[in-house]
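S.K.: The structure follows.
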Amino acid sequence: MKLPIFLDNHSTNPMDPRVLETMLPYFVEKFGNAASRNHAFGWAAEEAVENARKQIAKLIKADPKEIVFTSGATESDNLAIKGVLEMYGEKGTHIITSSTEHRAVLDTVKALEGKGKATVTCLAVDKFGMVNPEDVRNAITEKTILISVMLANNEIGTINPVKEIGKIAKEKGILFHCDATQGVGKIPVDVQEMGIDLMSFSAHKLYGPKGVGALYVRKKNPRVRIVAQMDGGGHERGMRSGTLPVPLIVGFGKACELCEQEMVQETARLIAMRDRLEASIMKALEESYLNGHPTNRLPGNLNISFAYVEGESLLMGMKDIALSSGSACTSATLEPSYVLRALGVGTELAHSSIRFGLGRFNTDDEIDYTIKKVIEIVTKLREMSPLYEMAKEGVDLKSVQWAAH
Amino acid sequence: MAYSDKVVDHFNNPRNMGSFKKDEEGVGTGMVGAPECGDVMKLQIKVQNDMIVDAKFKTFGCGSAIASSSLATEWLKGKTIEEAQKIKNTDIVQELNLPPVKIHCSVLAEDAIKAALADYQKKADGPATDAK
C-alpha cells in the first residue's frame, strides 16, 4: 500500500491508465484540427471526436448530436442556464433551483438575479438533502422557464428524484437542466427516462482528463435551443465556439466507455468498501452522525460528522489520507458547508464533518488503514476537546452561554 | 493550506494538554470561543505566590487553534501574573508563523489567557466580594 491515500474522489478522479493510452496518439502524431475539412489530419481528428461523441452519448442514452463539448461542468452549467435565459427570456425569467446545488449553478443564477436578468426560487431540501418534486411543482409560475436540479450532491452524495422532477417539467412544458457531474459514470443515467433537457457533466469526475466536459442539449421533444456564450468559429453546431481539444475528447470518450462496461461490478465493490468503512467507524466512535441519505446516495460517498472535534484538525491528523471537510477552516469564506447547513445540520456538527470519497483505484488495504487512522485521531482529538470533556461531565452544551466571536 | 513546522509540532505533540479541577486552590480557568464558530479554548493556570507554576489547555478547533493554546501554556509557565498579562496575540502569530486567515486563533488564545487570569483574580479576591 502506498501513502498518501486518495479518498477525495468527489473532487476529481485519477485518470485511468487505459484512458491515457487512447489519448497519446492525438498529441503529436494525430494532432489535426477537427474543424479542418480539407485534409487527412483534420479528418483523423474529426473521426476521433465523433467516435468519442458516440461513446459519451451511449453512456447517458442520448444521440451523439446532442453532445456539446465544453471545458468542464462549470462551463456547461453556465452555458445551459445563461443560454436558455437568453434564448427564452421573452417567455419569462423565473428559474427554480435547489439550495444544495454546486456553486457553478448557484452563483450563476445569483449573478443573473443580481443583474436583474432573472428571478430565482431556491428550494429547500429535506434532512437527507433531497429535493421534493412536489416543491418543484408548487414553485412553478407562468414565468418559469427553467428548472435546474442536480442529480447527486458532491458533498453528501444524495441522489435526487430526477425522474419525477423531469416528469413535472415535461407536464408543465418547462426546460429541465440537471447538473449530473457527480452522477454520470457512477450511477445509471438515462436522459430519456429522466426527462432531462440539458445536462452538465465532466470527464475528470469519471476517470478521464481534466479540462473537458459536455453539455447534453436535447434535440427532439422538445428541441432545445441555447444562445452561445462565446462568439467565434461556430463550433459544436454554433453552441460553443473554440477549437476542440481532440486528445481530451478522445480520453473523455474512452472514460465513458469504461464506466459503461464496468459500472455494475465497480458499484458493487465500492458499496461493499464504503459500507465497511461506515460500519467500522460508526461502531467504534460514539456520536458520529451520517450526513446525507442512508441508502439513496452515490456508491463511493460517505460523509460523517464527529461531534466535539473540528474538521480541519481531523484532516491535519490524517495527513497521509486525502480527504475533505465541511469545516469553515478549510473554506475560503470561513463559513461551514452550506450543503450541510441546508440539511439542518447544526453549525457545530457542520464544522466537524469529513467527506470520504471512494473510487475505482481504492483498495481494501487502504480502507483498513483509514478506519484505523480515523478512530485514532478522533479519539485523540476528543481527549483534547473541552466540549467532549463537558459533555462527559453531563453539561448540556446547548445551555452554555458561549461568547461568540 | 500549508502549516508551519511549529504548528505541526504543537499539533502532533501538544504541550500541557489536560485539565485541573476548577475549584482547586490557585487555579484560574478561562474558556473562550463558541462551538458554532468552530473553536473553543479552555486555558487553566495554577498560581502560587503570584507565580504561574503550571498551565493546561483543552481546545476544540483547527490545528492553528490547538497550536496557539499549546504554545500559550508553554509561555505561561514560570511567568508572574503581571508578565502573563503582557502576552499578545501578535507574539503568537510571529512564533507560529500563522497566515492571515488564522490570526483569529491567536486572538482567541490571548482572550483565553486574559480570561484565565481574570478568573484567578476573581477567585483570589473571592471571599471579600463573593460572600455567600
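No value in this document is a laboratory result; all are computed from the given coordinates. Keep in mind the model is a prediction, meaning the values are calculated, not measured. A quick note on method: Cβ atoms are made from the backbone with ideal geometry, for glycine too, and the neighbour counts reach across all protein chains shown.
S.K.: Against the condition in a loop (DSSP other than H, G, I, E, B), aromatic (Phe, Trp, Tyr) and more than 30 Å from A:THR141 (Cα to Cα), how does A:PHE31 come out, does it pass?
M.R.: yes
S.K.: So in segment B:23-35, with the set limited to residues that are free of Cβ contacts under 8 Å to residues at least 12 places away in the same chain and more than 7 Å from chain A (Cβ to nearest Cβ), which one is surrounded by the most Cβ atoms within 10 Å (Cβ to Cβ)?
M.R.: Only one residue fits best here, namely B:GLU25.
S.K.: Out of (1) of a type outside the set (A, V, I, L, M); (2) surrounded by fewer than 21 Cβ atoms within 10 Å (Cβ to Cβ); (3) in contact with a helix residue (DSSP H, G or I) (Cβ under 6 Å, 6 or more places away or on another chain); (4) at the interface with chain A (Cβ under 10 Å from one of its Cβ atoms), the odd one out for B:GLY38 is which?
M.R.: (2)
S.K.: If you don't mind, there's one more thing I want to ask. Please verify whether segment A:2-23 includes one or more residues that are of a type in the set (A, V, I, L, M), exposed (fewer than 14 other Cβ atoms within 10 Å of the Cβ) and either closer than 30 Å to A:MET130 by Cα or touching a strand residue (DSSP E or B) at 6+ places or on another chain (Cβ under 9 Å) (or both).
M.R.: yes
S.K.: A further question on this structure: Which residues, taken from segment A:323-343, are within 14 Å of another protein chain (Cβ to nearest Cβ) and of a type in the set (Gly, Ala, Ser)?
M.R.: A:SER324, A:SER325, A:GLY326, A:SER327, A:ALA328, A:SER331, A:ALA332, A:SER337
S.K.: To continue, here is another question. Run A:VAL309 past the list (1) more than 30 Å from A:GLY173 (Cβ to Cβ); (2) in a loop (DSSP other than H, G, I, E, B); (3) away from chain B (no Cβ under 14 Å) and report the number of the one that doesn't hold.
M.R.: (3)
S.K.: For segment A:384-399, which positions are surrounded by 14 or more Cβ atoms within 10 Å (Cβ to Cβ) and not hydroxyl-bearing (Ser, Thr, Tyr)?
M.R.: Those that are surrounded by 14 or more Cβ atoms within 10 Å (Cβ to Cβ) and not hydroxyl-bearing (Ser, Thr, Tyr): A:MET384, A:PRO386, A:LEU387, A:GLU389, A:MET390, A:ALA391, A:LEU397.
S.K.: Can you confirm whether B:LEU98 is of a type in the set (A, V, I, L, M, F, W, C) and within 14 Å of chain A (Cβ to nearest Cβ)?
M.R.: yes
S.K.: Restricting the search to segment A:271-292, which residues are under 15 Å from A:VAL339 (Cβ atoms) and buried (at least 21 other Cβ atoms within 10 Å of the Cβ)?
M.R.: Of everything in segment A:271-292, those that are under 15 Å from A:VAL339 (Cβ atoms) and buried (at least 21 other Cβ atoms within 10 Å of the Cβ) turn out to be A:ASN291, A:GLY292.
S.K.: Tally time: how many residues in segment A:139-175 are touching an Asp or Glu at 6+ places or on another chain (Cβ under 8 Å) and either surrounded by fewer than 18 Cβ atoms within 10 Å (Cβ to Cβ) or in a loop (DSSP other than H, G, I, E, B) (or both)?
M.R.: Counting residues in segment A:139-175 that are touching an Asp or Glu at 6+ places or on another chain (Cβ under 8 Å) and either surrounded by fewer than 18 Cβ atoms within 10 Å (Cβ to Cβ) or in a loop (DSSP other than H, G, I, E, B) (or both) gives 4.
S.K.: Among the polar types (S, T, N, Q) and under 21 Å from A:LEU315 (Cα atoms), is that true of B:ASN97?
M.R.: Criteria met by B:ASN97.
S.K.: Any idea which residue in segment A:344-368 is farthest from the other protein chains (Cβ to nearest Cβ), counting only those that are in a helix (DSSP H, G or I) and surrounded by fewer than 18 Cβ atoms within 10 Å (Cβ to Cβ)?
M.R.: A:ASP364
S.K.: Continuing with the same structure: Specify the residue that is surrounded by the most Cβ atoms within 10 Å (Cβ to Cβ); the eligible residues are those in segment A:234-255 that are in contact with a Leu (Cβ under 9 Å, 6 or more places away or on another chain) and not in a helix (DSSP H, G or I).
M.R.: So, considering only residues that are in contact with a Leu (Cβ under 9 Å, 6 or more places away or on another chain) and not in a helix (DSSP H, G or I), the one surrounded by the most Cβ atoms within 10 Å (Cβ to Cβ) is A:ARG240.
S.K.: (1) within 20 Å of A:LYS82 (Cα to Cα); (2) assigned to a loop (DSSP other than H, G, I, E, B): which one isn't true of A:MET130, the others all being true?
M.R.: For A:MET130, the failing item is (1).
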